[in-house]
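Worksheet: one structure, shown below.
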Amino acid sequence: MRFSKLHGLGNDFVVVDCLTQSLPEESLPDLARAMCDRHFGVGADGVLLALPSDRADFRMRLINGDGSEAEHCGNGIRCVAKLIYDHGHTTATRITIETIGRVNVLELETEAGAVSQVRVDMAQPVFRRADVPIVGDPDGEAIEEPLSLADGTTMAFTAVSMGNPHAVAFVPSVDAIDLHRLGPLFESHPAFPRRANVEFVQVHGPNELTMRVWERGAGPTLACGTGACATLVAAVRTGRSARSAVVHLPGGDLQIEWADNNHVFMTGPAVEVFRGEWL
């Protein structure tokens, strides 16, 4: 099986071109666990599949490093777009990619015939509890809601879906957060029926935020595109941010804008590291 290794701000993926080859569905969980292993495999946060679509130009699937499937991935979709363009599957610089439950519009910036940066319409954020999902009144919202964790800690969070569930907690300093302790407690809390991606966010000003993320099924990563989008809209909803801001992540910066049409736009890079063959 041929594959490529790509990353978006250090959030790294094995990307498989399923436009030219196929994989058995039943093999995907074990394949992802094996390939993502950083000691015995390729090493990655997840496996991305670039696929045909009957709803959009292309389709993307993400299998996390633990073998579970995620609904969406902001850094991943930029990587898939780069593979699609750079490997000759399209010459268009405006394409659509289907993910679970939505079709995303992407604008590709190129240099010397290769994609360097991608602006993604990440669609509309969702706060309705039943749609995140989070337990409680299905039509209500969880905005700055206290959550009691298993270790006795209580932290306020805002729940939002960007096609996948997020819990955003604002803190005085992200450097003071014990991500490896708090991340799993949030992710697997009974309040989140499908688990949650967790963002801890420090506000520097109305147009500047710093985020650390614990991703569902992957753990700590250097960047999370949907998480950066969730961070910005949660900051706006709680009066902490303007509708456009740079979000600093360990792997670099993303520019996030919550436009007047209620769509969230994410702009950031994608890099191909190498190509290989899985034996």
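At-a-glance table
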| item | result |
| --- | --- |
| Qualifying positions in segment 52-75 - assigned to a strand (DSSP E or B) and modelled with pLDDT under 95 | 70 |
| Looking only at segment 222-243, and only at residues there that are within 16 Å of the chain's Cα centre (by Cα) and within 14 Å of residue 174 (Cβ to Cβ), the one that is surrounded by the fewest Cβ atoms within 10 Å (Cβ to Cβ) | 222 |
| Whichever residue in segment 76-95 is basic (Lys, Arg) and in a helix (DSSP H, G or I) and, among such residues, is farthest from the chain's Cα centre (by Cα) | 82 |
| Verdict on residue 49 being surrounded by fewer than 18 Cβ atoms within 10 Å (Cβ to Cβ), in contact with a Leu (Cβ under 9 Å, 6 or more places away or on another chain) and not in a loop (DSSP other than H, G, I, E, B) | no |
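Results for (1) farther than 22 Å from residue 100 by Cβ; (2) loosely packed, with under 15 Cβ neighbours inside 10 Å, shown as yes or no for each residue.
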site	(1), (2)
145	yes, no
155	yes, no
160	no, no
168	no, no
181	yes, yes
189	yes, no
217	no, no
245	yes, no
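Yes/no per residue for (1) aliphatic (A, V, I, L, M); (2) free of Cβ contacts under 8 Å to residues at least 12 places away in the same chain; (3) at negative phi:
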| position | (1), (2), (3) |
| --- | --- |
| 239 | no, yes, no |
| 243 | no, no, yes |
| 249 | yes, no, yes |
| 256 | yes, no, yes |
| 259 | yes, no, yes |
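The values are calculated or read from the model by the stated rules, or taken from the named source; none is laboratory data. Worth saying up front: this structure is predicted, and the values here are computed from it rather than measured. Please note: Cβ atoms are built from the backbone with ideal geometry, for glycine as well, and neighbour counts cover all protein chains shown.
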